[in-house]
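Notes for the one structure printed next.
What follows draws every value from the coordinates through simple rules; no lab data is involved. All values reported here derive from a predicted model rather than from experimental measurement. All Cβ positions, even for glycine, are placed from backbone atoms using ideal geometry, and neighbour counts span all protein chains on display.
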Amino acid sequence: MEESDGLVGGSSKVMGLGDRAYADLKEKLVRGAYPPGHKITVRAVAEELGYGTTPARDALNRLVAERALVFSGPKTVVIPTLSLAELYEVTQMRLRLEGLAAERGAIGAGAADIARLEVFQGEIDAALAEGRYADALWSNKEFHFHIYGRANMPMLLATIETLWLRVGAAFNDLYPEFAISKYGIQNHRAALEGFRHQDPQEVKAAIETDIRDGYRRLRQALSDRAPKK
């Protein structure tokens, strides 16, 4: 029997389950499944992901250590809200690292890659048209990381994922404005054209524009929520 819902403690007997709970919860954070300020408890994670409270506690403790989550009480953590300075720093890193991954990922890409990206983009288009923003974010990650994964640079990919872990929740602030302006759709279509032209620089430029457009929207959302002086 598991003893408590607190975030202190753990058991080596369930480290395998703890690793799985960590991976599942981390993936949800990377994909923006929760907005900034969302509170998460051990019991909620256990119920949502289908694990016991001990693996859920292990997962939360690890993500707190990675600064993806912060404590808001003895049994509760919260999704942090990035400051403007943090958003700027993450964006500058994303531009350089994701630009590199996009450029390298476009080299040697073929019809199968284009077809796969078209599937992801079709999912994004449909989700945005129907106001299913969580689904759009889910497929957005698939689109980007299919490109980055083709670079065959595991350390680069892991570093990019860490950046998304920090900024994923903020992606919720892209909508509904991005669904109306269709900036993201246009940028993804430009990246697809780069693949068709077999032009890595064109793909890189499209992804960098996507990041910059997203940054402007997220910066505005943060500014709008800032206390008025």
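Pull out a ≥ b ≥ c, the square roots of the eigenvalues of the alpha-carbon gyration tensor of the stretch 50-151, then state rounded if a/c is under 1.5, prolate if not and a/b is larger than b/c, and oblate in the remaining case. Here the stretch 50-151 falls in the prolate category. Exposed loop sites here mean GluC sites (Glu not before Pro) with a DSSP loop assignment and at most 11 other beta-carbon atoms within 10 Å; the chain contains its longest site-free run at 4-129.
Over 28 Å between Cα atoms, which of 39/204; 39/182; 28/182; 75/141 qualify?
Over 28 Å Cα-Cα: 39/204; 39/182; 75/141.
Under the convention that each Lys and Arg Cβ holds +1 and each Asp and Glu Cβ holds -1, the size of the dipole of the stretch 12-78 around its Cα centre is about 140 debye. The stretch 12-78 has equivalent-ellipsoid semi-axes of 17, 13, 11 Å, by the square roots of 5 times the alpha carbon gyration tensor eigenvalues, sorted largest first.
Normalised by the residues of the stretch 41-105, what does the relative contact order come to in percent, with Cα pairs under 8 Å and at least six apart?
In percent, rounded to a whole number, it is 20.
For the chain, a Gaussian network of Cα nodes joined below 10 Å ranks 36, 74, 55 by mean-square fluctuation, and the top entry is 74.
Find the relative contact order for the stretch 77-188 and round it to a whole percent, using C-alpha pairs within less than 8 Å whose residues are 6+ positions apart.
Dividing the mean separation by the residue count of the stretch 77-188 yields 37 percent.
Legend: Rg and Dmax of the stretch 124-214, from Cα coordinates, 13.2, 36 Å.
As a proxy for reagent exposure, 188, 38 were ordered by neighbouring Cβ count within 10 angstrom, fewest first; the result is 38, 188. Rounded, prolate or oblate, given the Cα gyration tensor of the chain, with a/c below 1.5 counting as rounded? Prolate, since a/c reaches 1.5 and a/b exceeds b/c.
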